[in-house]
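Remarks on the structure that follows.
The values are calculated or read from the model by the stated rules, or taken from the named source; none is laboratory data. All values derive from a computational prediction rather than experimental measurement. Because the Cβ atoms are built from the backbone with ideal geometry, glycine has one as well, and the counts that use them run over all protein chains shown. Heads up: the accessible areas ignore ligands, DNA and RNA and are worked out on the full protein's heavy atoms, side chains in. Shrake-Rupley method; radii C 1.70, N 1.55, O 1.52, S 1.80 Å.
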Amino acid sequence: RKRIFSGIQPTGSIHLGNYLGAIAQWVKFQEQGQDVIVSIADLHSMTVPPHDPKELSKNIQEIAATLLGCGIDPRKTILFQQSTVAVHTQLSWCLGCICTMPRLSHLPQYKEKSKDLKDIPLGLFIYPVLQAADVLAYKATHVPVGEDQVQQIQLCQDLARMFNKRFGETFPIPQTVITGSEFARLRSLRDPNKKMSKSDPDPKSRICVTDKPDDIVRNIKKAVTDFTSEVTYDPDKRPGVSNLINIHSFVTNKSVADICREAKNLDTGKYKLVVAEAVVEYLKPIQSKISNYLENPQYLVDVLEEGREKAEEIALKSWIEVEEKLGLKIKV
Ligand code: TYM
């Protein structure tokens, strides 16, 4: 049986890249009746300074509300907070003892996130080892993520193979699951050569799931396209318009071909208004669910506590096996 595991950092608001690239896949697997575990990666979100405790606590609440609003159903999916299951950090240490420093220093996310920091926290460096522990603690077989996570999951696969080879078959090698290429790397609205990202300083570069309708319309109106006015789909030559068509296609469930046909008489300026309206409509019910959840923090606490219990039960089984294999137990 498949076991699906993924995680998301509680930093800033969830944008359409996170939603289309990752969360929508989780919900799809959940609705197929698969075994899905979703972790709010709070420990990971502490790796880049500044760490503001008030902010973190608020962000955890917000991301929990947003995930539920986006359709994660805690009766079907295990939703929990990474820091509440100690096995993640325990296993992370053990994997850190078989992982080499050069292997980590070559990872693109590390290079990118550390380049503007004067003092690089150790946590940022070992970030991918903790991520590998997240996945392996549940013996996950499938990890649905956006394209930017592929190298990190490759490290996880390598560490699982190394562990198995040295200490005996323990972990299945998890497969990366990338959604259709059009959503795996949603692009920035300001620069279609970059991905849509939480850490982009310009909020106009993204659409967040919780953005107000006016902001959504403004940001899509200002989205950078090109000098051709027709609406045609060509992700390589026309990444800006194609990105909007992808978003439009997702929120309306229409094919790219139908969208282009219907937009035949529109220029890109008018087309942007059509996209904006469709996004606003799509997000409306999600936003109203999110605000209901946010008004009830105790419910969120209860959901995460229930998730913790179920997650811990699974993770502890793996940990007992790891202790055994690593020789951490006295034989009696
Ligand atoms: P995070 O929080 O940066 O992003 C969550 C998910 O959103 C995807 N994503 C995108 N997909 C398409 N287009 C984009 N522009 C875009 N931007 C982000 C990400 O690929 C990701 O799937 N390290 C992880 C969290 C994590 C994790 C794990 C993931 C912690 N432990 C274990 C998988 C397994 C992260 O920072 O995701």
Quiz item: On the accessible surface of the chain, probed at 1.4 Å, how many percent belong to carbon and sulfur atoms?
Solution: 53
Quiz item: For q = 0.17, 0.20, 0.22 Å⁻¹, what log10 I(q)/I(0) does region 1-94 give under the Debye formula with an equal point scatterer on each alpha carbon and no solvent?
Solution: -0.76, -1.01, -1.17
Quiz prompt | trypsin sites (Lys or Arg not before Pro) within region 221-283, DSSP loop, no more than 16 other Cβ atoms inside 10 Å | solution = 222, 237, 254, 264
Exercise. Please report, in whole Å, how far the alpha carbons of region 203-313 spread along each principal axis, starting with the longest.
Key: 54, 31, 23
Quiz item: From the phi of every residue in region 277-291, what ³J(HN,Hα) in whole Hz does the Karplus formula 6.51 cos²θ - 1.76 cosθ + 1.60 yield, where θ is phi - 60° and glycine or proline is x?
Solution: 5, 5, 5, 4, 4, 4, 7, 3, x, 5, 5, 6, 5, 4, 5
Quiz item: For the chain, what is the accessible area per residue in Å² when the probe is 1.4 Å?
Solution: 49
Exercise. Evaluate the Kirkwood expression for the hydrodynamic radius of region 8-47, namely the inverse of the mean inverse distance over all pairs of different C-alpha atoms, and round to one decimal in Å.
Key: 11.2
Quiz prompt | Point-charge dipole on Cβ atoms (K/R +1, D/E -1) for region 75-203, about Cα centre, debye to 20 | solution = 160
Exercise. Filter the GluC sites (Glu not before Pro) in region 229-332 to those in DSSP coil with at most 12 other Cβ atoms within 10 Å of their Cβ, and list the result.
Key: 295
Quiz prompt | Dipole magnitude (debye, nearest 20) for the chain, charges at Cβ of Lys, Arg, Asp, Glu | solution = 620
Quiz item: How large is the dipole of region 176-247 about the Cα centre if only Lys and Arg carry +1 and Asp and Glu carry -1, each at its Cβ, rounded to the nearest 20 debye?
Solution: 220
Exercise. Could you run the Karplus curve 6.51 cos²θ - 1.76 cosθ + 1.60 with θ = phi - 60° over region 308-324 and give me ³J(HN,Hα) per residue in whole Hz, x for Gly and Pro?
Key: 4, 4, 5, 5, 4, 4, 5, 5, 5, 4, 5, 5, 4, 5, 5, 4, 4
Practice problem: Calculate the length of the line joining the C-alpha centroid of region 240-270 to that of region 1-78, in whole Å. | Solution: 28
Self-check item: Positive-pole candidate from 173, 239, 145, dipole of region 137-258, charges at beta carbon
Solution: 173
Self-check item: Percent antiparallel among DSSP beta bridges (both partners in the chain, rounded to 5)
Solution: 10
Quiz item: What number, rounded to the nearest 500 deg cm²/dmol, is the helix-based mean residue ellipticity at 222 nm of the chain, given -39500 (n - 2.57) per DSSP H run of at least four residues and division by all its residues?
Solution: -16500 deg cm²/dmol
Quiz item: Bin by bin, in steps of 20 Å, what percent of the Cα pairs in the chain do you find, going until the bin that has the longest distance?
Solution: 30, 56, 14, 1
Exercise. Counting other Cβ atoms within 10 Å, keep those with at most 13, restrict to DSSP loop, and tell me which trypsin sites (Lys or Arg not before Pro) in region 53-117 are left.
Key: 75, 115
Self-check item: Virtual spin-label span in nm between residue 193 and residue 166, 7 Å along Cα→Cβ
Solution: 4.1
Quiz item: What ³J(HN,Hα) values, in whole Hz, does the Karplus curve 6.51 cos²θ - 1.76 cosθ + 1.60 give for region 226-238 when θ = phi - 60°, with x put for Gly and Pro?
Solution: 8, 9, 9, 8, 6, 9, 10, 9, 7, x, 7, 8, 10
Practice problem: Can you grab the distance from the C-alpha centre of region 82-158 to the C-alpha centre of region 304-327, Å, no decimals? | Solution: 19
Exercise. Determine, for each peptide in 9-21, 190-202, 81-93, the mean count of other beta carbons within 10 angstrom over its residues, then list the peptides with the highest first.
Key: 9-21, 81-93, 190-202
Quiz item: Cα convex hull of region 163-251: mean projected area in nm², to one decimal?
Solution: 8.8
Quiz item: Does region 44-100 come out rounded, prolate or oblate, given a ≥ b ≥ c as the square roots of the eigenvalues of its C-alpha gyration tensor, rounded meaning a/c under 1.5 and, failing that, prolate meaning a/b above b/c?
Solution: oblate
Quiz item: Which is farthest toward the positive dipole end of region 236-332 among 283, 332, 265, measuring Cα position about the Cα centre, with Cβ charges +1 (Lys, Arg) and -1 (Asp, Glu)?
Solution: 265
